[in-house]
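Working notes, beginning with the structure itself.
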Amino acid sequence: MHRNLFLKTALIIAIIPCLGACANLKAEKPSRPPLRVAYTQWWGDYTLLVAQEKGLFEKYGVEVEPVYYEFFSKTYSNLASGQIDGALIAAGDTININRNSHMKVVGVSDDGGADAIITRPDINSIEDLKGKTVGVLLGSQYEIAIANMLQSAKMNPGDINLANIKPENAFNALKNGQVQAVYTREPYLSQSLLNGNKIIYPNEKTRLFPYMIVFSASIVDDRPEDIRAFLKAWFEAVEYRLRNPQETQAIATQYLNLKILPDENLKIFSLEENKALFNIQDENSIYAVTRRTSEYLISIGVLAQQLDPLELIDPAFLP
């Protein structure tokens, strides 16, 4: 009997660690792949790098993989196909991607910086562009800038020819004579101006296209806590970079292995400013920007019907 009691006791002692290990296995959350979020050589995007470098994503319990794209337009197809989970892009680009793959706007990164239409030195006025070729990414929100320019000079769309030119290719398109004027944005705008080109429109810098924090709707639906954690880290990084602009510049330079010059004219939006931008009653809210952009894309035949901003924009994940 003593021998049987000894065997039972030994068996129980042997089983206890196994039970503890099994319990630990059950308690562990299933591993998730990192959120793959695109960034480019754009001063507004570097909040992502600050959050990564300062361990803020880890602090809030979400793994993030920043994915670099030399040209922002190349993120579109990858976001639509699910090769990346999120990106920092403008309203019109989001709307176009959403036509093929549902997206969710969960925050606003920055005001988009300065946009302009630039020309070679021999063009002195908008009227000089009559019969000339103007470059812009066709079928995009950026055509709004061309329409505004023509309207300011009391000209019609038929007074110019349009060529499909991406903002990053503006300088080369002017240099090789492919166009006589072209729409572009930072950082390509400053680069083009350094090479002798000039702004023909507008007279003052405009910010028509704020950049938004966009994720695939399927990711938002499947991983809501990760999206909340991402935004907590993001807005803490915003506050950090606003207090430490030189360190932000050093972090971006380190990641890109390029000399990064800060865009002092760019407005980075804080959490409180985001909450104001998501106020649907405000005429300058992100809902209003999205609706106006949608209306323009309909007018040029890119979009078939008005997009419901309430389906695209979701402020519920803001901290």
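The values are calculated or read from the model by the stated rules, or taken from the named source; none is laboratory data. Everything numeric here is computed off the predicted structure, so don't read it as measured data. Here Cβ is always computed from backbone atoms with ideal geometry, including for glycine, and neighbour counts include all displayed protein chains. Please note that ligands, DNA and RNA were not included when accessible areas were found on the heavy atoms of the full protein model with its side chains. Shrake-Rupley method; radii C 1.70, N 1.55, O 1.52, S 1.80 Å.
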Just one of (1) open to solvent by 70 Å² or more (accessible area, probe 1.4 Å); (2) at pLDDT 90 or above; (3) in contact with a strand residue (DSSP E or B) (Cβ under 7 Å, 6 or more places away or on another chain) trips up Ile160, so point out which. (1)
Across (1) in contact with a Ser or Thr (Cβ under 9 Å, 6 or more places away or on another chain); (2) surrounded by 15 or more Cβ atoms within 10 Å (Cβ to Cβ), Lys54 clears everything bar (1)
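If the requirement is being free of Cβ contacts under 8 Å to residues at least 40 places away in the same chain and buried (at least 22 other Cβ atoms within 10 Å of the Cβ), which of these qualifies: Ile165, Ile118, Ile213?
The unique qualifying residue is Ile165.
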If Leu277 passes every condition in (1) open to solvent by less than 30 Å² (accessible area, probe 1.4 Å); (2) within 18 Å of the chain's Cα centre (by Cα); (3) of a type outside the set (Gly, Ala, Ser) but one, which one does it miss? (1)
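Table: residues versus (1) closer than 26 Å to Arg291 by Cβ; (2) touching a Ser or Thr at 6+ places or on another chain (Cβ under 8 Å).
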residue: Lys132; (1), (2): no, no
residue: Leu138; (1), (2): yes, no
residue: Glu143; (1), (2): yes, no
residue: Gly158; (1), (2): no, no
residue: Leu162; (1), (2): yes, yes
residue: Ile165; (1), (2): no, no
residue: Leu189; (1), (2): no, no
residue: Gly196; (1), (2): no, no
List pairs: first in region 180-198 and in contact (Cβ under 8 Å) with a residue 40 or more places away in the chain and among the acidic types (Asp, Glu), second open to solvent by less than 50 Å² (accessible area, probe 1.4 Å) and assigned to a loop (DSSP other than H, G, I, E, B), Cβ under 8 Å, 6+ apart or cross-chain? Glu186/Trp42; Glu186/Gly113; Glu186/Ala114; Glu186/Asp263; Glu186/Leu266
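Is it the case, given these coordinates, that Thr290 is surrounded by 13 or more Cβ atoms within 10 Å (Cβ to Cβ), over 21 Å from Leu231 (Cβ atoms) and not acidic (Asp, Glu)?
It is false that Thr290 is surrounded by 13 or more Cβ atoms within 10 Å (Cβ to Cβ), over 21 Å from Leu231 (Cβ atoms) and not acidic (Asp, Glu).
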All but one of (1) farther than 30 Å from Tyr39 by Cβ; (2) touching a residue at least 60 places away in the same chain (Cβ under 8 Å); (3) hydrophobic (A, V, I, L, M, F, W, C) hold for Leu150; which doesn't? (2)
Among the residues in region 91-98, are any closer than 26 Å to Tyr287 by Cα and open to solvent by 20 Å² or more (accessible area, probe 1.4 Å)? yes
Can you pull out the residues in region 168-185 that are open to solvent by 20 Å² or more (accessible area, probe 1.4 Å) and of a type in the set (D, E, K, R)? Glu168, Lys175
Would you point out the residue of region 121-138, among those that are part of a loop (DSSP other than H, G, I, E, B) and within 20 Å of Tyr188 (Cβ to Cβ), that is least open to solvent (accessible area, probe 1.4 Å)? Ile123
Screening Tyr76, Tyr142 for residues that are open to solvent by 20 Å² or more (accessible area, probe 1.4 Å) and not charged (D, E, K, R) leaves only Tyr76
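From the list Val67, Val62, Val105, which one is in contact with a strand residue (DSSP E or B) (Cβ under 9 Å, 6 or more places away or on another chain), at pLDDT 95 or above, open to solvent by less than 30 Å² (accessible area, probe 1.4 Å) and farther than 30 Å from Asn279 by Cα?
Val67
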